[in-house]
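Engineer: Questions regarding the structure given below will be posed in turn.
All of the numbers you see were taken from the coordinates with simple rules; none came from a lab. On a predicted model such as this, the values are computed, not experimentally measured, just so you know. All Cβ positions, even for glycine, are placed from backbone atoms using ideal geometry, and neighbour counts span all protein chains on display.
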Amino acid sequence: MTVDIDAYVNGLLNGTRRILAKTITLIESSLSGHQSSAQAILDRLLPHTGKAVRLGITGVPGVGKSSFIESLGMLLVEKGHRVAVLAVDPSSTRSGGSILADKTRMERLCADSRAFIRPSPSGGTLGGVARKTRETMLVCEAAGFDVIIVETVGVGQSETTVSSMVDFFLVLMLAGAGDELQGIKKGVLELADAVAINKADGDNVEKAGKARKDYETALRLLRPASPNWLPPVLTCSAMEMTGIDDIWAVVLKHRNIMTTSSELAQNRRSQALSWMWALVEEGLKDRFNHHPTVQQHLPELSRQVENGSLSPTAAACQLLFFLDKS
Ligand SMILES: Nc1nc2c(ncn2[C@@H]2O[C@H](COP(=O)(O)OP(=O)(O)OP(=O)(O)O)[C@@H](O)[C@H]2O)c(=O)[nH]1
Ligand SMILES: [Mg+2]
């Protein structure tokens, strides 16, 4: 298949949904021909990217991420925004079944032409999934989406990865779900630009208020990432659509402050550089693992290191030397 790059680029810049979906398919494809077409398209799109608000959302399964994104997304499209919802979920916990569940939780947003929802690319390492989502984010920006929401479930390193591709990272929590900080990794709070206690409705309102105070205390003990921003704690109900507007106001306030202090631009620059280094590392590892001479000698060298007849340093030197002789 030859890909007409010009047709893709023009279609995307005109916001043609069919082309958007086809481009993401190229990005997600493992065929090298598709990959190089995707890269050629991305290069051309780059000048048209970067204007969106990039918002990351995390929280344990069942906290209400999908419901929250439905409520926030509808509020935003009604304000005139165009919203793309992407996901980073390298685990296999959420295959076909729950994408369906998401369709029922995000029914209105799914059906709205001002929104675009794309489930997590499936399969592969976190690095691979993240690369595809980042590139998809850029394509969505070029296609005119001005708010990009990237969702992730709180497993493994995926929160750190998502926080490194967004401008604002929102952590959703529940009130009184057992032990106070829900056994959440403290690391997640360190990434948060705001915490929202969801399901603050019905009998739960009081508990949510208390949890809010607890999290405020917990956050005060952490050193903030920016001297200009103390992550606030809010309460909301995705179901009753309360508190959602306030959260969006916080996102915009953060953006104003970060723009004025130039931290937004600085942050994006360092994100781009770390992305480059992540790709270099991944590429080097890949090249190493697939190098025929390395493959040929690796078992014997490993054996020698294991039985102590060769030092790890000497073995590593030899293996890396093979790379130069490609
Ligand atoms: N009372 C109440 N229930 C809510 C609220 N938000 C979500 N729920 C319910 O909580 C359950 C889980 O909501 P989801 O939106 O699917 O949660 P999620 O975080 O996307 O879950 P995963 O996709 O499994 O990670 C559903 O039964 C929702 O109806 C809320 O604000 N209040
Ligand atoms: Mg969900």
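Engineer: Please build a GNM for the chain, connecting alpha carbons under 10 Å apart, and tell me which residue among Ser164, Ser309, Ser270 fluctuates the most.
Structural biologist: Ser309
Engineer: At 222 nm, what value in deg cm²/dmol follows for the chain if DSSP H runs of at least 4 each add -39500 (n - 2.57) and the sum is divided by all its residues, to the nearest 500? Before the final figure, lay out each step's value.
Structural biologist: Working: 14 runs with 182 residues, N = 326.
Result for the chain, helices only: -17500 deg cm²/dmol.
Engineer: Let me ask something else about it. Going highest first, how would you order 29-38, 15-24 by mean Cβ packing within 10 Å? Show your work: numbers first, answer last.
Structural biologist: Working: 29-38: 13.9, 15-24: 16.9.
Sorting 29-38, 15-24 by mean packing, highest first, produces 15-24, 29-38.
Engineer: OK, next. Given 0.36 nm per residue, what is the gain on full extension from Ala265 to Met239 after removing their alpha carbon distance, in nm?
Structural biologist: Details: separation 26, 0.36 × 26 = 9.36 nm, distance 3.48 nm.
Taking 0.36 nm per residue and subtracting the Cα distance, the gain is 5.9 nm.
Engineer: Taking the simple approach of a point 7 Å from Cα along Cα-to-Cβ for both Leu298 and Thr217, what is their distance in nm?
Structural biologist: Once both label points are built, they end up 5.1 nm from each other.
Engineer: Suppose we keep just the alpha-carbon trace of region 171-320; what are its Rg and Dmax in angstrom?
Structural biologist: In order Rg, Dmax, the Cα atoms of region 171-320 give 24.2, 69 Å.
Engineer: Explain nothing, just the number: dipole magnitude of the chain about its Cα centre with +1 on each Lys and Arg Cβ and -1 on each Asp and Glu Cβ, in debye rounded to the nearest 20.
Structural biologist: Details: 35 positive and 35 negative charges, 67 e Å.
Using Cβ point charges on Lys, Arg, Asp and Glu, the chain gives about 320 debye.
Engineer: Please say if region 49-261 is rounded, prolate or oblate, where rounded means a/c under 1.5 for a ≥ b ≥ c the square roots of the C-alpha gyration tensor eigenvalues, and otherwise the choice is prolate for a/b larger than b/c and oblate otherwise? Show your work: numbers first, answer last.
Structural biologist: Working: a/c = 1.31, a/b = 1.24, b/c = 1.05.
Rounded, since a/c falls under 1.5.
Engineer: Further question: Using the alpha carbon gyration tensor of region 1-48, what are the three equivalent-ellipsoid semi-axes (square root of 5 times each eigenvalue), largest first, in whole Å? Can you show the working numbers first?
Structural biologist: Working: eigenvalues 52, 26, 17 Å².
So the three semi-axes of region 1-48 are 16, 11, 9 Å.
Engineer: Roughly what would the spin-label model give for Gln318 and Asn289, points 7 Å off Cα along C-beta, in nm?
Structural biologist: 2.3 nm
Engineer: Please identify the DSSP H helices in the chain that span no less than 15 Å along the helix axis (Cα) and have a mean Kyte-Doolittle hydropathy of -0.5 or more. Write down the numbers at each step before the final one.
Structural biologist: Working: long enough: 17-28 (16 Å, 0.43); 32-45 (19 Å, -0.38); 65-78 (19 Å, 0.79); 126-142 (24 Å, 0.11); 205-220 (23 Å, -1.26); 244-260 (24 Å, 0.29); 263-290 (40 Å, -0.82); 292-306 (22 Å, -0.93); 312-324 (19 Å, 1.20).
Sorted by number, the helices that extend far enough and score high enough are 17-28, 32-45, 65-78, 126-142, 244-260, 312-324.
Engineer: Where in region 237-265 does the amide nitrogen come within less than 20 Å of the point 7 Å from the Cα of Arg114, taken along Cα to Cβ?
Structural biologist: 238-253
Engineer: Okay, moving on. Would you look at the GNM of the chain, springs on alpha carbons closer than 10 Å, and say which of Met241, Met173, Met137 moves the most?
Structural biologist: Met241
Engineer: Place a label point 7 angstrom from the Cα of Ala225 along the Cα-to-Cβ direction, then list the residues of region 142-166 whose backbone nitrogen is under 18 Å away.
Structural biologist: Those under the cut-off are 148-166.
Engineer: Per-residue counts of other Cβ atoms within 10 Å, averaged by peptide: what ranking do you get for 254-261, 208-215, highest first?
Structural biologist: Working: 254-261: 14.9, 208-215: 17.9.
The most tightly packed comes first, giving 208-215, 254-261.
Engineer: Continuing with the same structure: Report, for region 49-261, the % of DSSP beta bridges that are antiparallel, rounded to 5.
Structural biologist: Values: 2 of 30 bridges.
Of those bridges, close to 5 percent are antiparallel.
Engineer: 7 Å from Cα along Cα→Cβ at both Ser274 and Val305: what's the point-to-point distance in nm?
Structural biologist: 2.8 nm
Engineer: Report the residue, chosen from Leu301, Leu46, Leu219, that carries the largest GNM mean-square fluctuation when the chain is represented by alpha-carbon nodes joined by springs under 10 Å.
Structural biologist: Of the options given, Leu301 has the highest mean-square fluctuation.
Engineer: Same structure again: Normalised by the residues of the chain, what does the relative contact order come to in percent, with Cα pairs under 8 Å and at least six apart? List each step's numbers first, then the result.
Structural biologist: Numbers: 445 pairs, mean separation 55.6, N = 326.
So the answer I get is 17 percent.
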